[in-house]
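Student: The structure is given below, and queries will be raised subsequently.
The values are calculated or read from the model by the stated rules, or taken from the named source; none is laboratory data. No experiment lies behind these values; they were computed from the predicted model shown. Glycine also receives a Cβ, built like all others from the backbone with ideal geometry; neighbour counts cover every protein chain displayed.
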Amino acid sequence: MKVIKLAFGNGPDAPTPPPANSSYAIGPVTLRNITIKGAGSYGLEFYNVLGTGNFSSITVTGAALGGLSNPNNKYTIIRGAGNSGW
């Protein structure tokens, strides 16, 4: 897998990104046993989205910009055991 991206709106490069919308929260999400290799940006990216996710045994390697992007911590990440690289 290359990347996990949850987003609302046009993304961080849009001239005026829309505000996070609590009416459209994403969650609860549970992800387990995933390896992300060589993402072109971030391995896990949560842009302008609200919600909650449980993440266990998620490994990110070789992501160009880093393992995790979650501006202003709008998305609640619950980290379980076995995560690395983010």
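Student: Determine, yes or no, whether I36 is part of a strand (DSSP E or B), surrounded by fewer than 18 Cβ atoms within 10 Å (Cβ to Cβ), under 13 Å from the mean Cα position of the chain (by Cα) and of a type outside the set (S, T, Y).
Tutor: no
Student: Name the single residue that is nearest to R32 (Cα to Cα) among those in the stretch 43-86 being of a type in the set (G, A, S) and within 10 Å of the chain's Cα centre (by Cα).
Tutor: G53
Student: Take residues that are farther than 12 Å from V29 by Cβ and tell me which of the strands (runs of 3 or more DSSP E) falling wholly in the stretch 40-86 contain 3 or more.
Tutor: Fully inside the stretch 40-86 and qualifying: 42-47, 51-61, 66-69.
Student: Let me ask something additional. Give me the pairs: first residue in the stretch 17-30 and at pLDDT 60 or above, second residue assigned to a helix (DSSP H, G or I) and surrounded by 12 or more Cβ atoms within 10 Å (Cβ to Cβ), beta-carbon distance under 6 Å, and six or more apart or on different chains, which are they?
Tutor: Short answer, once both residue conditions are applied: none.
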